[in-house]
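For reference, the structure is listed below as structure tokens.
The values are calculated or read from the model by the stated rules, or taken from the named source; none is laboratory data. Quick caveat: nothing in here was measured; it's all calculated off a predicted structure. Every residue, glycine as well, gets a Cβ built from its backbone with ideal geometry; the counts of neighbours run over all protein chains shown.
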Amino acid sequence: MNMALWTPSDWAAWAQAIGSILAVLAALAVVFLQNHFNKKNEVSKQIDLINRYIHLVISLGGGLREKVNTLSDWAAQGGSAAQNLCFMRVEVEAINNAIQNIPLWEIDTFDEVVYIISIQTQSKALLETIRRAEQLSTQTIGWNREVDIKLSTIKPDLNQKLDKLIKIYEKRITR
């Protein structure tokens, strides 16, 4: 095959063949790059969603921590009015409902799931404790001692798990 003997139509055919091959390669490269960027974007969106869920749990857990401290203060002071307990119960019910509805299957690490489940459990325990305090406040029996005993188990676990989740979250967002 002597290229010196090629006619202009031979050159045009070869140019067209090479151009076609380059066009196919370029199309494959475009598809590859689009898939690569789409996967990278999906991973980024998933990480962002997980971070939002964890931040939500931290915020709600902070609200629970505040309620535990308030209830503990009330118990130390000898109790509180039934109306205050009612308001607190409504607030904790709202926090509890939000925490219980966190989709754990979206969270990507085991430790985070364990801490969130623990916070969910403490949220339920706090709600039950407030309900019990409400019941006792309508009777002549003081509720502060019983509530104080229950809070002594809720408070350390809630604080520990919430603090660990905050540390994990801080590591996640600084990556």
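For region 114-148, taking the residues that are in a helix (DSSP H, G or I) and β-branched (Val, Ile, Thr), the one that is nearest to residue 77 (Cα to Cα) is identified as 147.
Annotation note: Cβ proximity below 9 Å between a residue of region 109-136 that is farther than 16 Å from residue 166 by Cβ and a residue that is surrounded by fewer than 22 Cβ atoms within 10 Å (Cβ to Cβ) and of a type in the set (Asp, Glu) (sequence gap 6+ or interchain) occurs for 121/157; 125/157; 127/93; 129/146; 130/93; 132/146; 133/146; 136/146. Of the residues making up region 149-175, just one is assigned to a loop (DSSP other than H, G, I, E, B) and among the hydroxyl-bearing types (Ser, Thr, Tyr), namely 174. Can you find, within region 133-147, the residue that is nearest to residue 54 (Cα to Cα) among those that are of a type in the set (Ser, Thr, Tyr) and loosely packed, with under 12 Cβ neighbours inside 10 Å? Among those that are of a type in the set (Ser, Thr, Tyr) and loosely packed, with under 12 Cβ neighbours inside 10 Å, it is 138. The condition (being more than 30 Å from residue 51 (Cα to Cα) and buried (at least 19 other Cβ atoms within 10 Å of the Cβ)) is satisfied by just one residue among 154, 130, 119: 130.
Scanning region 121-152 for residues that are modelled with pLDDT under 90 and β-branched (Val, Ile, Thr) yields 138, 140, 141, 147, 149. Tell me, yes or no, whether region 60-73 has at least one residue that is in a helix (DSSP H, G or I), farther than 30 Å from residue 135 by Cβ, modelled with pLDDT of 90 or more and polar (S, T, N, Q). Scanning region 60-73 turns up no residue that is in a helix (DSSP H, G or I), farther than 30 Å from residue 135 by Cβ, modelled with pLDDT of 90 or more and polar (S, T, N, Q). The one condition from (1) under 19 Å from residue 52 (Cβ atoms); (2) in a helix (DSSP H, G or I) that residue 102 does not meet is (2).
Among the residues that make up region 1-16, is at least one of them part of a helix (DSSP H, G or I) and touching an Asp or Glu at 6+ places or on another chain (Cβ under 7 Å)? No, region 1-16 contains no residue that is part of a helix (DSSP H, G or I) and touching an Asp or Glu at 6+ places or on another chain (Cβ under 7 Å). Per this entry, residue 12 is not counted among residues that are modelled with pLDDT of 90 or more and farther than 25 Å from residue 105 by Cα. In region 54-82, the residues that are farther than 16 Å from residue 137 by Cα form Cβ pairs under 9 Å with partners that are acidic (Asp, Glu) and surrounded by fewer than 20 Cβ atoms within 10 Å (Cβ to Cβ), at six or more places apart or across chains, as follows: 63/91; 67/91. Hey, among the residues in region 66-101 that are crowded, with 19+ Cβ neighbours inside 10 Å and aliphatic (A, V, I, L, M), which one's nearest to residue 43 (Cα to Cα)? By that ranking, first place goes to 99.
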